[in-house]
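J.: I'd like to ask you about the structure that follows.
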Amino acid sequence: MIRAAVMVLAVSMLSGVAPAHAATCDRACLEGIADRYLEAMLAHDPSKAPLARGARYAENNVVLPLPDGLWRTVTGLGAYRLKVTDTTWQTVGFYAKVQENGAPVLLATFLKVEGGRITEIDAQVARLTDTTGSGTPANLREDKLGDAPRSQFLSELPVA
């Protein structure tokens, strides 16, 4: 689902077609929405997130009702957060380290925002117990992430 969203976004941007809606949230606003989303997840309470009515939630490519999936099992938020915002398209994606029942988990999430409310959520959850296609445990190396993204990842890209 995230791959499909990225592909649609890339094709739309390359075609020069602007979104039909006017941007209503700047970078700080979008990143704040991402933070509120994570805090609501930790509280296991979707009402604490700025969700639009009928917001769609998919986790690992499976559409789930909120609060289901990681929303029920997350037990902590790590310091690591890497956010990627697009104010033109009103989207924010983020990578975060979280705890699920005391075990480290890597979370990649895409949020679509309209009018300051989240309308679409696509989350990919990588657990240390996940396996590769060969059946062996995935090597997530979450310990290598540290508590903050590398400085290269925090540089703003020129508009051009």
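We did not get these values from a lab; they are worked out from the coordinates using the rules stated. All values reported here derive from a predicted model rather than from experimental measurement. Methodologically, a virtual Cβ is constructed for each residue, glycine included, from the backbone with ideal geometry; neighbour enumeration extends over all protein chains shown.
J.: Arg27 versus Val84, label points 7 Å from Cα toward the beta carbon: distance in nm?
T.: Between Arg27 and Val84, the simple spin-label model gives 1.5 nm.
J.: What number comes out for the charge environment of Arg27, summing +1 per Lys or Arg and -1 per Asp or Glu over other residues with Cβ under 10 Å away?
T.: -3
J.: Turning to a different aspect of this structure: Can you give the local net charge around Ser47? Use residues other than it whose beta-carbon is closer than 14 angstrom to its beta-carbon, Lys and Arg +1, Asp and Glu -1. Show your work: numbers first, answer last.
T.: Working: positive: Arg36, Lys48, Arg53, Arg117; negative: Glu39, Asp45.
That sum, taken over residues with Cβ under 14 Å, equals +2.
J.: Next up: Stretch Thr75-Ala103 to full length: gain in nm at 0.36 nm per residue minus the Cα-Cα span? Spell out each step's value before the answer.
T.: On the way: separation 28, 0.36 × 28 = 10.08 nm, distance 0.88 nm.
Fully extending the segment from Thr75 to Ala103 adds 9.2 nm.
J.: While we're looking at this one, here's another question. Count the net charge of all other residues whose Cβ sits under 12 Å from the Cβ of Arg72, scoring Lys and Arg as +1 and Asp and Glu as -1.
T.: Values: positive: none; negative: Asp45, Glu59, Asp68, Glu100.
Taking every Cβ under 12 Å from that of Arg72, the sum is -4.
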